[in-house]
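The structure appears below as structure tokens.
What follows is calculated from the coordinates using simple rules that are stated; it is not laboratory data. Source: prediction; values computed, not measured. Positions of Cβ are backbone-derived with ideal geometry, glycine not excepted, and every protein chain shown enters the neighbour counts.
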Amino acid sequence: MSAPEPITWIANPRAATISHSPAVAKYFPAGISEKTRAFHSSVPNYHVTPLKSLNRLANLLGIANLWVKDEANRLSLGSFKVLGGSYAIFQTILKRLGNPEGFAFADLNTPEVRKELGDITFAAATDGNHGRGVAWAATSLGFKSVIYVHKHTSEARIAAIEKNGARVEVIDGTYDDAVRQVNEDAQKNGWQVISDTSWEGYEEIPVWVMQGYTTMFSEVQQQLVAMGQFKPTHIFMQAGVGSLAASAFGFYSSLFAPERPKMVVVEPDLAACLFHSMEFGDGKPHSFVGSLDTIMAGLACGDPNPIAWEVLYDCADGFIKCPDYVAAKGMRVGGVPLYGDPYIIAGESGAVTLGALMFIMELDQYAHIRKALGLDQNSRVLLVNSERNTDPDDYRRVVWDGGDQIPRQYRIYKNPFQEY
């Protein structure tokens, strides 16, 4: 059996024709990132995560700058996901209280507020990180939580959710099955679902989740200005249901349209619901049917988030799908960087964009992608390490033991004595 190519690409030329996206205006209105960041700044132990410059690797790849927003230690939870879950819980509680002005995170845990709210159980489906964030936020405010995971979720990820105070239910199926089951059970039990994907009649909370993620990009812009930079020219963003990518693209389209960066979605080839939707060409989200059996557990989603798709269809300049060995390459390069570059401990979902960018820049067969995106010596590329090694055993399998090896025909060897 021949090995799959590292990169399969489909362009979205429509994005270049849209200077102001109605979806961006609807879901990411002006000032939303200032609002979300003000909330997150009130959360105990909040701090700005680092924006790491991989200057040596950028030089090796033939680009001007390569920046990685490293979410490995966000609130000690190992993932950006808590930004969305906590903000959505905050907004849900505020709505129940009649949307009072001037509330911060600590205000939600006062005896008066708790008496008015009563008991609430927050529920979510997850591949790991979203559930951990919801559990942490609920527990921090004194509420219960129940988190549904699919049968392939690792014991390490389940234990991390339970450590943050949640009861975990394992569903015999995929992530998408867990989403459907938690919604059914929540209706029966009176739980409040905090989901990062939407469906008919359930859109407000997923919008709050996506808006919560914009705190990360507000931080990025502040960090870039401190470096004497204005904005990235290119953004590569990993995607499961598409909420993180939509948040990134919505933030930058709102801030810089029509001079926004070029923006690309990266997915596993065995769970490429957004790539698959673009292939249809009808502008609608479509489900990806299959086992979703990829090491990129956080991206193993078969059903796109419909509201995220609206943003991506307007703003993503292209979609890429990759086999698992692309993520594995990103994990190894981050963990063992070129001399002088900072190291990045990235889980499988966090590393795939780095692997994808490297293959695009290093292999001659992808010159057409470089040309389509204008990737050259002047390019300033932004990536996000969305998670640390949240499954330590699998991280060691890949990084220590060389799991998911790159097929020989796609390996690139540079002169080891060359200066970068």
>> Run the helix sum for the chain: -39,500 (n - 2.57) per DSSP H stretch of 4+ residues, divided by residue count, reported at 222 nm to the nearest 500 deg cm²/dmol.
In response: -13000 deg cm²/dmol
> Which of the aspartates and glutamates could be linked to K371 by a straight reach, that is with a Cα gap under 14 Å, when you skip same-chain ones fewer than 8 residues away?
Replying inline: D317, E362
>> Could you work out how much longer the chain between H152 and V225 gets when fully extended? Use 0.36 nm per residue separation minus the Cα distance between them, nm to one decimal.
In response: 22.1 nm
>> Please arrange S254, S86 by how many other C-beta atoms lie within 10 Å of their C-beta, fewest to most.
In response: S254, S86
>> Below 8 Å between Cα atoms, with a sequence gap of 6+, how large is the relative contact order for the chain in percent?
In response: 23 percent
>> Between 0 and 90 degrees, rounded to the nearest ten: what's the tilt of helix 324-335 against the longest Cα principal axis of the chain?
In response: 90 degrees
>> If you average the alpha carbon positions of region 108-136 and of region 298-319, how far apart do those two centres end up, in angstrom?
In response: 27 Å
> So which of K35/K81; K52/K321; K151/K262; K52/K284; K188/K284 end up more than 28 Å apart, counting from Cα to Cα?
Replying inline: K151/K262; K52/K284; K188/K284
>> Please compute the volume of the convex hull spanned by the alpha-carbon atoms of region 81-204 and report it per residue in Å³.
In response: 98 Å³
> Could you give the angle, 0 to 90 degrees to the nearest 10, between helix 243-256's Cα long axis and the longest principal axis of the Cα atoms of the chain?
Replying inline: 80 degrees
> Expressed as a whole number of Å, what is the distance separating the alpha-carbon centroids of region 175-254 and region 37-102?
Replying inline: 11 Å
> Under the definition of Cα pairs under 8 Å and six or more residues apart, what whole-number percent is the relative contact order of region 1-110?
Replying inline: 21 percent
>> Suppose a student asked you for the relative contact order of region 212-292, using Cα pairs under 8 Å spaced at least 6 residues apart; what percent would you report?
In response: 26 percent
> Helix 348-362 versus the longest principal axis of the chain: what is the Cα-based angle in degrees, 0 to 90, to the nearest 10?
Replying inline: 20 degrees
